[in-house]
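Heads up, the thing below is written out as structure tokens.
No value in this document is a laboratory result; all are computed from the given coordinates. These figures come from a predicted structure and were not determined experimentally. As a convention, Cβ positions derive from the backbone with ideal geometry for all residues, glycine included, and neighbour counts pool all protein chains shown.
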Amino acid sequence: MSKGYFITGTGTGVGKTLVSCALLHAFAAQGKTAIGMKPVAAGCENGKWVDVELLAAASNVTAPREQINPYALVPPIAPHIAASRAGIDIDINIILQACLELEKIADVVIVEGVGGFLVPLNDHQDSADMAKALGLPVILVVGMQLGCLNHALLSAQAVRATGLPLVGWVANQIDFQMTALDENVSALTQRLGCPLLGVLPFEPNADTEKLSMLLNVAEMEAEA
Ligand SMILES: Nc1ncnc2c1ncn2[C@@H]1O[C@H](COP(=O)(O)OP(=O)(O)O)[C@@H](O)[C@H]1O
Ligand SMILES: [Mg+2]
């Protein structure tokens, strides 16, 4: 059985952190130890990397910062550019070693990707290479907005091209004005070829522990 999941999304700001936190709570509710990992975080606000803080708060085990977030880049720009400006070369092997350490101390590791699935990490590797190295089943978070059908279908294709299993997708209602939400969810349910794990409503500052009840974790585990 897999020791974790890789959470990707149709882009940046689509709800990967929200879903990752909800999943951490869902596994905790099953009596498991669960820890979040953000291998590459880009964008420091007031000395803090928000994703890393939120994942740590939703985890029920703690680990050294360098394991939960091996790469913390200051500017909120594409990671390989931020890294290059800081004179850093992102090394996927360092990320893998950190993830293996987390797998030793928790039943489940929830790894939140950075940006969308094909975001470059350095001159020759991207986020898909990172997911492949970690070898975890993938969950796709779709930010429900105009254009998401194409983004979701392209992302699913890219995930499957790595050979990793796409074990589910989450419809996250990030645009409260989206028209034809239900038809868009149906279109993706028909075409993505993996289970819909849940539809998360538009809810600013949502309690991710409550949201976790809307996710069908059992179905995701059965697919993994
Ligand atoms: N269902 C939702 N309803 C309202 N706001 C949301 C929802 N999902 C995400 N957000 C907000 O949108 C922003 C981006 O979400 P986040 O989970 O950080 O995305 P990502 O990790 O993909 O960048 C955050 O401010 C978050 O609180
Ligand atoms: Mg995030």
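K38: of a type in the set (K, R), farther than 19 Å from E219 by Cα and buried (at least 16 other Cβ atoms within 10 Å of the Cβ), yes or no? Yes. Any residue at all in the stretch 127-136 that's out of contact with any Gly (no Cβ under 7 Å at 6 or more places or on another chain), free of Cβ contacts under 8 Å to residues at least 24 places away in the same chain and not polar (S, T, N, Q)? Within the stretch 127-136 (the criterion being out of contact with any Gly (no Cβ under 7 Å at 6 or more places or on another chain), free of Cβ contacts under 8 Å to residues at least 24 places away in the same chain and not polar (S, T, N, Q)), the answer is no, since none of the residues qualifies.
Table: residues versus (1) touching a Pro at 6+ places or on another chain (Cβ under 8 Å); (2) more than 14 Å from ligand 1 (Cβ to nearest atom); (3) among the β-branched types (V, I, T).
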residue: A171; (1), (2), (3): no, no, no
residue: I174; (1), (2), (3): no, no, yes
residue: D182; (1), (2), (3): no, yes, no
residue: R191; (1), (2), (3): no, yes, no
residue: P204; (1), (2), (3): no, no, no
residue: D207; (1), (2), (3): no, no, no
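Examine the stretch 97-107 for a residue that is touching a Leu at 6+ places or on another chain (Cβ under 8 Å) and among the aliphatic types (A, V, I, L, M), and state whether such a residue exists. Among the residues of the stretch 97-107, not one is touching a Leu at 6+ places or on another chain (Cβ under 8 Å) and among the aliphatic types (A, V, I, L, M), which makes the answer no.
Checked against (1) part of a helix (DSSP H, G or I); (2) farther than 20 Å from G4 by Cα; (3) within 12 Å of ligand 1 (Cβ to nearest atom), Q157 meets all criteria but (3).
Can you say whether E203 is part of a helix (DSSP H, G or I), over 13 Å from L140 (Cα atoms) and over 16 Å from the mean Cα position of the chain (by Cα), as far as the supplied structure shows? So E203 does not fit the description; no.
Only helices (runs of 4 or more DSSP H) whose full extent lies in the stretch 1-86 are considered here, and the ones with at least 2 residues that are closer than 21 Å to E209 by Cα and within 16 Å of ligand 2 (Cβ to nearest atom) are 16-29, 50-58. Here the stretch 47-83 is the region considered, the condition is being surrounded by fewer than 16 Cβ atoms within 10 Å (Cβ to Cβ) and within 15 Å of ligand 1 (Cβ to nearest atom), and the residue that is farthest from T17 (Cα to Cα) is I77. Scanning the stretch 1-17 for residues being within 16 Å of ligand 1 (Cβ to nearest atom) and surrounded by 22 or more Cβ atoms within 10 Å (Cβ to Cβ) gives a total of 10.
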